[in-house]
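One structure below.
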Amino acid sequence: MTNATLYIVATPIGNLEDMTCRAVRILGEVDLIAAEDTRHSLKLLNHFGISKPMTSYFDHNQQFKGERILNALRLGKSVALISDAGTPCISDPGFQLVRDAVAEKINVVAVPGACAAITALSASGLPTDIFSFAGFPPSKKGKRRTFLAGMNSLPGTLVLYEAPHRLLETLSDIREMLGERLVIVARELTKMFEECIRGNVSEVMEVISQGSVRGEVVILIASGEVALEEPEVLMNVIQGLMSDGTLSIRDISKQAALIAGVSRSEAYAEVLKLRNDFVTEGS
Ligand code: SAM
């Protein structure tokens, strides 16, 4: 590969089967791989039998390493940027490098794949037509509260990343600044102990405080409007839960009622209706 191109290559967020064929091909073809942590990424590359020159590119060497990577590109080399997991530039290093490459009219190509925010959102059962991704909330309480207060008027579902050891305090601030919203904590996505904890903020906090939450988490917060009795929201939520394929009608009704803010009997009636439609369509 000789054309100067910067490839932004997504890698799995826990399940190696989520590596795309294209990512394997591109990583095997480029002249240089820039990785957030070369030792960490070497395991991934070894798994796929990829052996290429590597360089590190992380938060604290961005400026210096960015220039070296740009130099390689200026010389006509192709470079792939990967992060420890998921899509580079999404709460991971890369934005500055892409911006500089774009400014120099260097070809930038995204090779899409896993991203924890989108993975969590797609399985959340919360509205996906409008959503805001806001990355990690600040770690200091005061700044975090101000940050959350700024999210109050955003329409749609709010998606945040958080470290497991800060999860409870962040949920507590969410309750305080955004109210008793419906939230979903999606943890260990694509991994063996993957789970989604759903409920209003207090309910989710209670579940979480009963054990220690390990692993990585995404927090999804329903917009203040989701609690309105909107038939469309209820239907979307039920369809999301039904597509899971493992939940009983009773569990679907219970969870849908909670998420959409309607009574259980209303949710149950809608589940039966949707199930009948489904059976009729399929027959
Ligand atoms: N660039 C990555 C992406 O595309 O998702 C995100 C990198 S960011 C440094 C890491 C955060 O992503 C974690 O703290 C967690 O909030 C979220 N995350 C990554 N993998 C996850 C997983 N398997 N399950 C849940 N959340 C995950």
For this session: Determine the per residue accessible area of the chain with all protein chains present and a 1.4 angstrom probe, expressed in square angstrom.
Result: 52 Å²
Problem set entry | Other-chain or far-sequence residues with amide H under 5 Å of ARG181's (modelled H) | VAL201
Exercise. For the cross-link pairs LYS77/LYS140; LYS52/LYS191; LYS141/LYS254; LYS191/LYS254; LYS43/LYS77, which exceed 30 Å when the distance is taken from alpha carbon to alpha carbon?
Worked result: LYS77/LYS140; LYS141/LYS254
For this session: May I ask you to give the percent of accessible area on the stretch 1-151 that is carbon plus sulfur, with a probe radius of 1.4 Å?
Result: 54 percent
For this session: Mind putting a number on the dipole of the stretch 5-114 about its Cα centre? Charges go on the C-beta only, +1 for Lys and Arg and -1 for Asp and Glu, and I need it in Debye to the nearest 20.
Result: 340 debye
Seminar exercise, completed: Phi-derived 3J(HN,Hα) across the stretch 89-95 with the Karplus relation (6.51, -1.76, 1.60, θ = phi - 60°), rounded Hz, x for Gly and Pro, is 6, 9, 6, 9, x, x, 3
For this session: Evaluate the relative contact order of the stretch 115-224 (contact order divided by residue number), counting alpha-carbon pairs under 8 angstrom at least 6 apart; express in whole percent.
Result: 32 percent
Problem set entry | Gain on full stretching of the segment that runs from SER153 to SER209 - 0.36 nm per residue minus C-alpha separation | 17.3 nm
For this session: Taking H placed 1.01 Å from N in the peptide plane, check which residues at least 5 places from VAL111 or on another chain put their amide H under 5 Å from its amide H.
Result: ILE8, VAL9, ALA10
For this session: Please list the non-local residues whose amide H lies under 5 Å from the amide H of GLY86, H modeled 1.01 Å from N, same-chain partners needing a gap of 5 or more.
Result: THR11, ILE13
Exercise. Which whole-number percentage describes the relative contact order of the stretch 1-154, with Cα contacts under 8 Å and a sequence gap of 6 or more?
Worked result: 33 percent
Exercise. Going by the alpha-carbon gyration tensor, a ≥ b ≥ c the square roots of its eigenvalues, is the stretch 1-96 rounded (a/c under 1.5) or, if a/c is not under 1.5, prolate (a/b greater than b/c) versus oblate?
Worked result: oblate
For this session: Could you pull the Rg and Dmax for the stretch 115-224, using just the Cα atoms, both in Å?
Result: 12.5, 36
Exercise. In the P(r) worked out for the chain, what percent of Cα pairs fall beyond 33 Å?
Worked result: 34 percent
For this session: Between the alpha-carbon centers of the stretch 179-218 and the stretch 5-47, tell me the distance in whole angstrom.
Result: 29 Å
Problem set entry | From phi via Karplus (6.51, -1.76, 1.60), per-residue ³J(HN,Hα) for the stretch 55-71 in Hz, x at Gly/Pro | 9, 8, 8, 9, 3, 8, 10, 3, 5, 5, 6, x, 5, 5, 5, 4, 4
For this session: Assuming a ≥ b ≥ c are the square roots of the Cα gyration tensor eigenvalues, decide whether the stretch 132-187 counts as rounded (a/c under 1.5), prolate (otherwise, with a/b larger than b/c) or oblate.
Result: rounded
For this session: Pairs of Cα atoms under 8 Å, at least six residues apart: use those to get the relative contact order of the stretch 23-69, whole percent.
Result: 42 percent
Problem set entry | Phi to ³J(HN,Hα) by Karplus 6.51 cos²θ - 1.76 cosθ + 1.60 over the stretch 41-51, Hz, x for Gly, Pro | 6, 4, 4, 5, 5, 4, 4, 9, x, 9, 10
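The values are calculated or read from the model by the stated rules, or taken from the named source; none is laboratory data. Bear in mind the structure is a predicted one, so any value in this text is a computation, not a measurement. Note: ideal-geometry Cβ built from the backbone for every residue, glycine included; neighbour counts use all protein chains shown. For the accessible areas, the whole protein counts, side chains as well, though only heavy atoms, and no ligand, DNA or RNA atoms are used. Shrake-Rupley method; radii C 1.70, N 1.55, O 1.52, S 1.80 Å.
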